[in-house]
Amino acid sequence: MAAGRGVPPKMSSRPWQPLLDQPPLAELRGDPLVDAALRELHCLLPPSVAVHSLRVFLLADARARARGIGYDQAGLLAAAVFHDTGLTGNAPVARGGFPSRSAELLDRFLRGRGVDAGRREVLTRAVRAHMRTSPAPGAGPEERLLHFGAWLDVTGRGSSQVPGERRRLASLAATPWFAFSFSARLAADGVRRALPASSPAR
């Protein structure tokens, strides 16, 4: 299969490719911010987390479509790509745990692409808040949708609002035992935050 628009050729063979072919992702590809976010997904995330991140966006979009909610599609895709980056690789420890690290990485990415401060604040706030048990009062659509997609994909909560969609997306790009591996990442992150900072090498 030929690589999609704006996506590096090697990405077309990755396990998340079936998700890239789903609307609205297929329709958004070619947008500079979306294409840049997908390149970061390819570079920053392990395959299971990359698949989860795209399913989060697609579940969020399904709810938005079902409810007639308008939102920043390209921005939410970028937020979904980055929302768990603070759990992976060598992301620096930050006050507020991995959601804050993820938000910092997203902000750096958005700044590098000339995204204005107001839009950055909306999207980074959504990432910082996605591990809350429920969205904050007054949360905007991007924050509510990211929260919905993230919790639905991992726990199944909210599945009645988009019947069958979680199962359908999982059949396209499965991540067996993802909830368990995600819990392990959370536990490791807690240990990492509790440990004293490493002393400089002598």
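The values are calculated or read from the model by the stated rules, or taken from the named source; none is laboratory data. Just so you know, these numbers come straight off a predicted model, no measurement behind them. Please note: Cβ atoms are built from the backbone with ideal geometry, for glycine as well, and neighbour counts cover all protein chains shown. The area values use the complete protein model at the heavy-atom level, side chains included, leaving out ligands, DNA and RNA. Shrake-Rupley method; radii C 1.70, N 1.55, O 1.52, S 1.80 Å.
Listed values, structure above:
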read-out: Yes/no for residue 166 being touching a residue at least 24 places away in the same chain (Cβ under 8 Å), open to solvent by 30 Å² or more (accessible area, probe 1.4 Å) and not in a loop (DSSP other than H, G, I, E, B); value: yes
read-out: Test for residue 111: is it open to solvent by 60 Å² or more (accessible area, probe 1.4 Å), assigned to a helix (DSSP H, G or I) and either at pLDDT below 95 or not polar (S, T, N, Q) (or both); value: yes
read-out: Filter result for the condition that a residue is surrounded by 24 or more Cβ atoms within 10 Å (Cβ to Cβ) and touching a helix residue (DSSP H, G or I) at 6+ places or on another chain (Cβ under 7 Å), over 64, 74, 129, 60; value: 60
read-out: Filtered residues of segment 123-149 (kept if assigned to a helix (DSSP H, G or I) and within 20 Å of residue 65 (Cα to Cα)); value: 123, 126, 141, 142, 143, 144, 145, 146, 147, 148, 149
